[in-house]
Amino acid sequence: MMTTMRLSLKALEGGDNLLIFPENTGAEGEIGHYHLDGVGKLYDGFVLTAQLYYKHTGKRLTFISMIIRRDTKRMLFGPGITYDPENGSKEERTRISEEAYKEMIRLYEKASSASARKFSF
């Protein structure tokens, strides 16, 4: 885990973006894999990336929710959710993970509509 965090920080500091899959595959009701239909509960540990990034750079990291629906061949992105170092670390982990989860559900439902852009697999 620490190696992943160090490599993630190095990539972010170098101007790269990260793609994070924060679904909690060990959550109650899960069977050890990602949801194939709908959105699974999120593990809030991904927010530690923003906390460490801020500590190292003084810059606030923004997370962008994304959903892909294979059945409708649609991909959507939500608005950014920016880390706020003024909040307590636990409160911020909860806030960001809950906002991201709600946005992913909204995007999943919207991806079934005709207004979402199609892509090919």
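Can you confirm whether the range 3-15 contains a residue that is modelled with pLDDT of 80 or more, surrounded by 14 or more Cβ atoms within 10 Å (Cβ to Cβ) and assigned to a loop (DSSP other than H, G, I, E, B)? No, the conditions are met nowhere in the range 3-15.
Look at the range 85-112: where a residue is at pLDDT 90 or above and a partner is polar (S, T, N, Q) and surrounded by fewer than 19 Cβ atoms within 10 Å (Cβ to Cβ), sitting 6+ places away or on another chain with Cβ atoms under 9 Å, you get Pro85/Gln51; Ser89/Gln51; Glu92/Gln51; Arg93/Gln51; Arg95/Asn87; Ile96/Thr82.
The values are calculated or read from the model by the stated rules, or taken from the named source; none is laboratory data. Keep in mind the model is a prediction, meaning the values are calculated, not measured. Neighbour counts run over all protein chains shown; Cβ positions are idealised from the backbone, glycine included.
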